[in-house]
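Working notes for the structure below.
Rule-based calculations on the coordinates, nothing more; no lab input. These numbers were taken from a predicted model, which means no experiment stands behind them. In this analysis, Cβ positions are derived from the backbone assuming ideal geometry, glycine residues included, and neighbour counts consider all displayed protein chains.
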Amino acid sequence: MLTIAYIGNGKSTNRYHLPFSTKLTDKIKVKTIYSPRESTAWAKLPGVHYTTEINDIFSDSEIQLVVVSTPSNLHFHYGKMILEHGKNALVEKPFTETAEEARELFALAVEKGLLVQCYQNRRFDSDFLTVQKVIESGILGDILEVEMHYDYFRPEVPESVEAYSKNSSYLYGHGCHTIDQVLSYFGNPDSIRYDVRQLLGEGRMNDYFDLDFYYDVKKISVKSSYFRLKERPSFAVYGKKGTFVKQTKDRQEEHLKMFYMPENSDFGIDLPEHYGILTYIDENGVYHEEKVVSEVGDYSRVYDGLYETIINGKEKVIKDDETIRQLEILEEGSKMIQK
């Protein structure tokens, strides 16, 4: 068993971590959850030690992995503390505030013979996995362009923020999802074009970004806005022989918000109305348009990978250089914002 503890007992821990770590009952044991203040917002898990003393984690020799699920400005602080106490660390995204801080954590982990890794669960979104399946089928031919959208209609969010902060910016808070998907599947681009805006005016919250990643003739675009009453497709893939459009996002978050948990067999599963549309011309010149059954997303695959790395010595799923490059991109993009 891999015995783990959490630093933080808020929405992130309870909604995006515990349902997936506790699902792996044959591999993962959640032993301790630390928060500086007692919380009654979330129901306590039976058999788990809840504490306001962080040393309850560091003094426990059974705990092998500590998960940092706090505001992002504390990620580096706790990540370093965990490694210095001789334990492996999983850190929520964005991993740190700067690429330099990330390099320091990865170097410290190597020095200590430990693991530190970013929680990039969106690699295991259903829509992203389905896009990979379609691309790898070869039906679309050479891929020319991919558009990835992560839209909301939540104008009240940027309207409620009077001043710019990197930690609350849309680029840092949400770009860390889609940029990781780009880097993990398509690799490091030849060049990047940045369009990072404050739609409410200079000095306000960053509420829009549009990044184009160029790979020779291929372009991958990541676009997000807080002001999209009707969301753009989650993915649109254009190849020489056809297109694939997936309108709706992965449904795991939708179900989690309804407290419909992974123990349900249809958790996160797309219905036929959510399937993407594949349109292509076959080798005989015949036009086809058909639905593609979605792949099954599963955020517990992050914890599965950690188990295999820490217990069985396998390679890390989320690579250090991918995390560092993502932070370099976030830093570069943030330079475009008018403070």
### Message
Run the numbers for MET336 and TYR215: contour at 0.36 nm per residue of separation, minus the present Cα-Cα distance, in nm.
### Response
41.3 nm
### Query
Rounded to the nearest 0.05, what FRET efficiency is calculated for MET258 and VAL286 with R0 set to 30 Å and r the Cβ-Cβ distance?
0.10
### Query
From the Cα gyration tensor of the stretch 155-300, with a ≥ b ≥ c the square roots of its eigenvalues, which class applies: rounded if a/c is under 1.5, or else prolate if a/b is larger than b/c, or else oblate?
oblate
### Query
Residue by residue through the stretch 130-146, which ³J(HN,Hα) values in whole Hz follow from phi under the Karplus form 6.51 cos²θ - 1.76 cosθ + 1.60 (θ = phi - 60°), with glycine and proline marked x?
5, 4, 4, 4, 5, 4, 6, 5, x, 4, 7, x, 4, 7, 9, 7, 10
### Query
Quick one: if you stick a label point 7 Å off each Cα along the C-beta vector at SER265 and ASP190, how many nm between them?
5.0
### Task
Return the loop-located GluC sites (Glu not before Pro) in the stretch 267-339 (DSSP other than H, G, I, E, B) with at most 16 other Cβ atoms within 10 Å of their own Cβ; answer none if there are none.
GLU283, GLU315
### Query
Among the GluC sites (Glu not before Pro) within the stretch 37-90, which fall in a DSSP loop and have no more than 16 other Cβ atoms within 10 Å of their own Cβ?
GLU38, GLU53, GLU62
### Compactness relative to 2.2 N^0.38 Å, alpha carbon Rg of the chain
1.02
### Task
Could you grab the relative contact order for the chain? Cα pairs under 8 Å, six or more apart, rounded to a whole percent.
19
### Query
Shape of the stretch 202-243 from its Cα gyration tensor (a ≥ b ≥ c, root eigenvalues): rounded if a/c is under 1.5, otherwise prolate when a/b > b/c, or oblate?
oblate
### Message
On a straight-distance basis, which lysines could pair with LYS335 in a cross-link, Cα separation under 27 angstrom, same-chain partners fewer than 8 positions away excluded?
### Response
LYS80, LYS93, LYS166, LYS218, LYS219, LYS223, LYS319
#### Entry: Cα centroid separation - the stretch 210-276 against the stretch 146-195, whole Å
14
### Summary
Taking the chain and counting helices only, DSSP H stretches of n ≥ 4 at -39,500 (n - 2.57) each over all residues, the nearest-500 ellipticity at 222 nm comes to -8500 deg cm²/dmol
### Message
What is the sum of charges, Lys and Arg at +1 and Asp and Glu at -1, for the other residues whose Cβ falls under 9 Å from the Cβ of GLN326?
### Response
-1
### Task
Give the residues of the stretch 15-38 whose amide nitrogen is closer than 13 Å to a point set 7 Å from the Cα of LYS44 in the direction of its Cβ.
32-35, 38
### Task
Just grab the label-to-label distance for GLU53 and LYS11, each label 7 Å out from Cα along the Cβ direction, in nm (one decimal).
3.2
